[in-house]
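These notes concern the structure reproduced below.
Every read-out reported here was derived from the displayed coordinates using simple, explicitly stated rules and does not represent laboratory data. These figures come from a predicted structure and were not determined experimentally. Every residue, glycine among them, receives a Cβ derived from its backbone with ideal geometry; neighbour counts consider all protein chains shown.
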Amino acid sequence: MRKVALLALLALALPAPPALAQGLSLAAGSSDQPIQVDADQGIEWLRDKNVYIARGNAKASRGGVTVQGDTLTARYRAKGEGGSEIYQLEAEGNVRIASANESIVADRAVYDADQGVLVMTGRNLKLVTRQDTITARDSLEYWEKRQLAVARGNAEAVREKKRIKADVLSAQLAEGANKEMKLRRVDAFGHVDVRTDQEVAKAEKGVYLVEQGTATLIGDVKITRGQNQLNGEIAEINLNTGVSRLLSGPQGSARVRALVVPNQQPKAAGTGG
């Protein structure tokens, strides 16, 4: 199979991002670094439209970050001081974006260099770091300047056996000691579901502090452990220790309720009853 390599994108430098936003962006590294593009079927240059199109197992690499897809489309514009710059990179089909410690899987991805936003759509959307996994049904956005991932539609964030699920998750990431990205805080909205090995907690919205392992849930809270259930308006849950505090609403506007089912001991063989 024929492979074409394009190094002419040397002049199409993306603007350099903030130092802590280099994890999953082709803007990572020096603005003088080239973007290298390889494709099995070929690379087309639409000069009048300021577009490059790479087809067939296309791959763009720069600064330790690689974007792969069936088709890659780069749109560029002239710079005032001469030369050109890419302002949008679009990947279609079997998309994978990877750095040394993180990866993203999608059917389609569009990177807006001006906004520093990567938007992924399609099936089986997934962002994976060394410790965390974020999935979504409808879309997955990564705002590199804010180090923020937004997952929409049956969204879920998982670390080890702890998981939080909701209609929308807004996940704040941070750079760890080894330069890897990891979740710091997750804000959840709509049909919030927090799970551990022993219990399930549901609410209307919540805040999960990942490193501390604590979640604050608000609105129609239900905590279930086995057959036991606690209901209230606000809950504070420590996912590391398994300790939960259920609170009433503001000024006692909603009472706390509990349903506790005693353990039933099995009857001994041969006894009546």
**Message:** Which of W143, W45 has the fewest other C-beta atoms within 10 Å, and how do the rest follow up to the most?
**Reply:** W45, W143
**Prompt:** Ranked by Cβ crowding within 10 angstrom, fewest neighbours first, how are T129, T224 ordered?
**Reply:** T224, T129
**Message:** Once each part is reduced to its C-alpha centroid, what is the distance from the stretch 87-137 to the stretch 187-235 in angstrom?
**Reply:** 28 Å
